[in-house]
Amino acid sequence: MKQLLFPTPADILAAHRRIAGIVQPTPLEISRPLCALTGAEVWLKLELAQVTGSFKIRGAANALRQLPATTHVVACSAGNHALGIAHTAAMIGMTATLVVPATASPAKIAALRRYPVEIVLHGTGYDAAEAEALRMAAEYGWHFISPYNDPLVIAGQGTLAVELWQTLADIDVIVVAVGGGGLASGVGLWAKAMNPRVRVIGVQAAASAAMTAALRTGRVAPVADEPTLADGLAGNIAADTITLPILQQVLDEMLLVDEPAIARAMRWLIEEHHLIAEGSAAVPLAALLEQQISDLDGQRVVVLLCGRNVTAATLQQIFAIPSKD
């Protein structure tokens, strides 16, 4: 049986030091509207302020910084992981091939084309792009970097939580988006090391909920992958992913939100905080706005807003959806 190598808090702290200069700290902003709604002290971690528009650069930078400069890397992505790889590879002079679904967000594809990397548009969803990236890695001997099933990537994503604890003491609840689970794994590992009583709540789009199903049954199996505003969280997950056993240890709760709720959360952020967030970033906020999380009165809550890469057309679409009565 394959031995699972979980990143440790020491790995996450080392990653925090390693990616300095590539990844910049992001703001933490209190949300007075959410405080009033929930009775909690609610903070927004604005990871959408990263140079590539999402947290994915953290894991990408940590993985690439530990490879020889002559390595040719290949990755699959709905867009944000590819942007993290592209930005880091450009900074350190590494060669990268990035496989992205042909149906990926045009905003993310346009951003990728600004980097000196090879872009391959393949398939109509994440699953097909991942299969093609793995095929290329096997055929050409390139180094494949998963957006979630990699201990180096997970440790890099966990550096977000290091920043949280450097800025804000006594956190009671963290609400985090879940797709493949890399961010939730890294953040959860650090959070539980800092305080085992911290509630780590994962949120996923109901339209593509592979990790939710895996947590429910204890094993990975293919699930329906419907279109979702949270395209960065969509797709099935590798059968051998290390994120499942990590999340079984660090997640206290897993919630699902539907498409209207995601759209309302994206619009709410614009109206209340003047922040543009993609659907994947709005998923944890949606759970809060829909009052799916209980026992928050008097608690210190952090909502991780993980990315901003969304098209103008999608923003027009969300404003066309009626408000909830």
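Counting only helices (runs of 4 or more DSSP H) that sit wholly inside region 242-325, those with at least 2 residues that are more than 26 Å from Leu152 (Cα to Cα) and of a type in the set (Val, Ile, Thr) are 312-319. Highlighted here are the strands (runs of 3 or more DSSP E) found entirely within region 62-131 that include at least 1 residues which are buried (at least 19 other Cβ atoms within 10 Å of the Cβ) and not assigned by TED's automatic domain parsing to the domain that holds Ser208: 72-76, 95-100. Exactly one residue out of Ile171, Ile145 is closer than 24 Å to Arg18 by Cα and touching a strand residue (DSSP E or B) at 6+ places or on another chain (Cβ under 7 Å): that is Ile145. All conditions but one from (1) assigned to a helix (DSSP H, G or I); (2) assigned by TED's automatic domain parsing to the domain that holds Pro222 apply to Ile174; the one that does not is (1). It is to be established whether one or more residues within region 249-265 are assigned by TED's automatic domain parsing to the domain that holds Glu163, on the phi > 0 side of the Ramachandran plot, out of contact with any helix residue (DSSP H, G or I) (no Cβ under 8 Å at 6 or more places or on another chain) and at pLDDT 90 or above. No, region 249-265 contains no residue that is assigned by TED's automatic domain parsing to the domain that holds Glu163, on the phi > 0 side of the Ramachandran plot, out of contact with any helix residue (DSSP H, G or I) (no Cβ under 8 Å at 6 or more places or on another chain) and at pLDDT 90 or above.
The set of residues from region 27-45 being surrounded by fewer than 20 Cβ atoms within 10 Å (Cβ to Cβ) and within 18 Å of the chain's Cα centre (by Cα) comprises Pro27, Leu28.
The values are calculated or read from the model by the stated rules, or taken from the named source; none is laboratory data. This structure is a prediction, so every number in the text was calculated from the model and none was measured. Note: ideal-geometry Cβ built from the backbone for every residue, glycine included; neighbour counts use all protein chains shown.
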